[in-house]
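Nothing in this text is a laboratory measurement; each read-out follows from the coordinates by a stated rule. Small disclaimer: the values here were computed from a predicted structure and weren't measured. No Cβ is skipped: glycine too gets one built from the backbone with ideal geometry, and neighbour counts run over all protein chains shown.
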């Protein structure tokens, strides 16, 4: 009788040890999963940052708006007449705007003149009308090219200073 | 009696240890397997994100070859874009590549070229692996012109037509034959090629051929005009004539390179379609800009129709003509797989007809704002 009880106690001890062991393993696993989830969120954030850079870069190199002279492009330079044409085209219909969605994703793109007329700005693309949780803003200094100048006042074609503001939402 | 109880207890202890040990082992095996999958997915997501950024940046630098190191993984490419492992594909618009990319040296070759017609339309990007062999049939016309446009880092072999049967596979996971033909000259087609048994044994999907048919040669490079391409895939020990490949149009050497680096007809179709859609968008902007220039400079007898800069550009009529020409492009572009000769002629012309390049030169001579 005493022997049977002793064996039962030893069994219970072993089961208790196993139970505690598994509890510790589960705690360890939960802790590890939390760290992994945090790392994943960080990685997701990095991917979104990279995507924002991609959008800014893609827009900067759009052949539709780049300054060219005999088809030689000037980097980081937008032709004002082309910008206005693109703004008009995208603004005409949702269908036209959607043609740029694959390239510009959910973002807003504004080109601002800094000098000589700081008030001038062109909102080229705006897809911010949804409940976004994160916004990544990028600003790039650019040149703006006035291809005609103002011949009536003797002003030749000229370059202005400007900034490209890209905000990518997610 | 006492010793019998002890034996049972001992046996029970061993069974208990066995069951508990197996449970613990299974638990850890499951965790390790799950972690392995998670790590692989994480690695693929990481590669995908970085690759997408690298390729986007490289696409903007035309004329420069980039050799990038990739982890030991296979990148797949189709109409929906590039995908690594089980990750969602990412799109790079006008980017041409074979359907599978891998490299024993873990290198990828990337470069881009500016596609203009006559104004810049897009940067066409090409991605390939040094482990893919490009075999140029040396009797092909314009082989020297092809050498000029192919980058040096890719694996190219020049082989005479009758020597193809002696060309062995040298552990390349893909082989692509290139034949260039021109009207009026003796022509070979991939169907006439006899393959070496080591190549015949390769998977059909991994051996392909392209036949380039030049319709109008370019001025500096024969391949810089326009023409058609036919894409073949191996069927057993030779290239099959059935089903007969459909001729696809190309305009200029940049698009032709796209056809050379796309081993599948459907990927060339959808990437070139995307390139022509971009052409339509760019043309739309150029048409509006040219129309706006006409409105600014038009010099009409009726003062109500005179532009604010009337009298400052004698050739203002060119803007109107150019606007009409660009408008006409949309008609040709609608027929995506049709003959692209009209587009080429609108851009560069052949003969006496007006074309956009000539108009731009006229405007430059007269110090007027240029079309492009």
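Per the Debye formula on identical point scatterers at the alpha carbon atoms of the stretch B:2-107, with no solvent, log10 I(q)/I(0) at q = 0.13, 0.14, 0.18 Å⁻¹ is -0.62, -0.68, -0.93. Against chain B, whose longest principal axis comes from its Cα atoms, helix B:252-261 is set at around 10 degrees. Where does helix B:356-365 land angle-wise versus the long Cα axis of chain B, in degrees 0 to 90, nearest 10? Helix B:356-365 sits roughly 60 degrees off the main axis of chain B. Reported to the nearest whole Å, the Cα centre-to-centre distance from the stretch B:5-73 to the stretch B:97-172 is 36. Considering every alpha-carbon pair of the stretch A:1-116, the percent of pairs per 5 Å bin, from zero through the bin containing the longest distance, is 2, 8, 11, 12, 10, 7, 6, 5, 5, 4, 4, 4, 4, 4, 3, 3, 3, 2, 2, 1, 0, 0.
Given the Cα atoms of chain B, and with Rh set as the inverse mean 1/r over their pairs in the Kirkwood sense, what is Rg to Rh to two decimals?
Answer for chain B: 1.21.
Note on chain A: GNM, Cα springs under 10 Å; of A:121, A:75, A:33, the largest mean-square fluctuation is that of A:33.
Quantify how strongly other chains surround peptide A:64-76 by giving the mean number of their Cβ atoms within 10 Å of each of its Cβ atoms. Please list the in-between numbers first.
On the way: counts 12, 3, 2, 0, 6, 4, 8, 11, 3, 5, 0, 1, 0.
Per residue, the number of nearby Cβ atoms from other chains is 4 on average.
Estimated from helical segments only, the mean residue ellipticity of chain A at 222 nm is -16500 deg cm²/dmol, where each DSSP H run of four or more residues counts as -39500 (n - 2.57). Taking every DSSP beta bridge that has both ends in the stretch B:131-263, the antiparallel portion is near 45%. Packing, taken as the mean count of other beta carbons within 10 Å per residue, orders the peptides A:50-58, B:29-37, B:110-118, B:296-304 from highest to lowest as B:110-118, A:50-58, B:296-304, B:29-37. When the square roots of the Cα gyration tensor eigenvalues are ordered a ≥ b ≥ c, the ratio a/c for the stretch A:62-108 is 1.5 or more and a/b exceeds b/c, which makes its shape prolate. Using just its DSSP H runs of length 4 or more, each adding -39500 (n - 2.57), chain B gives a mean residue ellipticity at 222 nm of -13500 deg cm²/dmol after division by all residues.
When each of A:77, B:313 is scored by the number of other beta-carbon atoms lying within 10 Å, the sequence from fewest to most is A:77, B:313. Please grab the % of Cα pairs in the stretch B:272-365 that end up more than 15 Å from each other. Beyond 15 Å sits 63 percent of the P(r) for the stretch B:272-365. Highest GNM mean-square fluctuation among A:19, A:130, A:59, for chain A modelled with Cα contacts below 10 Å: A:19.
Using C-alpha pairs under 8 Å with a sequence gap of at least 6, the mean separation divided by the residue count of the stretch B:161-204 gives a relative contact order of 57 percent.
So for chain B, averaging the separation of alpha carbon pairs under 8 Å that are six or more residues apart and normalising by length, what relative contact order in percent results? Please report the intermediate quantities before stating the final value.
Working: 634 pairs, mean separation 43.6, N = 372.
Result for chain B is 12 percent.
What share of Cα pairs, in percent, lie more than 25 angstrom apart in the stretch B:119-265? When all Cα pairs of the stretch B:119-265 are counted, 22 percent exceed 25 Å. Of all DSSP bridge pairs formed entirely within the protein assembly as shown, close to 70 percent run antiparallel. Both radii were evaluated on the Cα set of the stretch A:77-167; the Rg over Rh quotient, with Rh as the Kirkwood radius, amounts to 1.03.
Per-residue mean of foreign Cβ neighbours for B:283-294 is 5 (Cβ atoms of other chains, 10 Å radius).
What ranking do B:164, B:19 get, fewest neighbouring Cβ atoms within 10 angstrom at the top?
B:19, B:164
Normalised Debye scattering of the protein assembly as shown at q = 0.09, 0.11 Å⁻¹ gives log10 I(q)/I(0) of -0.78, -1.05, counting only Cα atoms as equal scatterers and leaving out solvent.
Between B:281, B:18, B:356, the GNM of chain B built on Cα springs shorter than 10 angstrom shows B:18 fluctuating the most. The share of alpha-carbon pairs in the stretch A:1-62 lying farther apart than 17 Å comes to 67%.
For chain B, the longest principal axis of the C-alpha atoms and the axis of helix B:265-297 are separated by about 40°.
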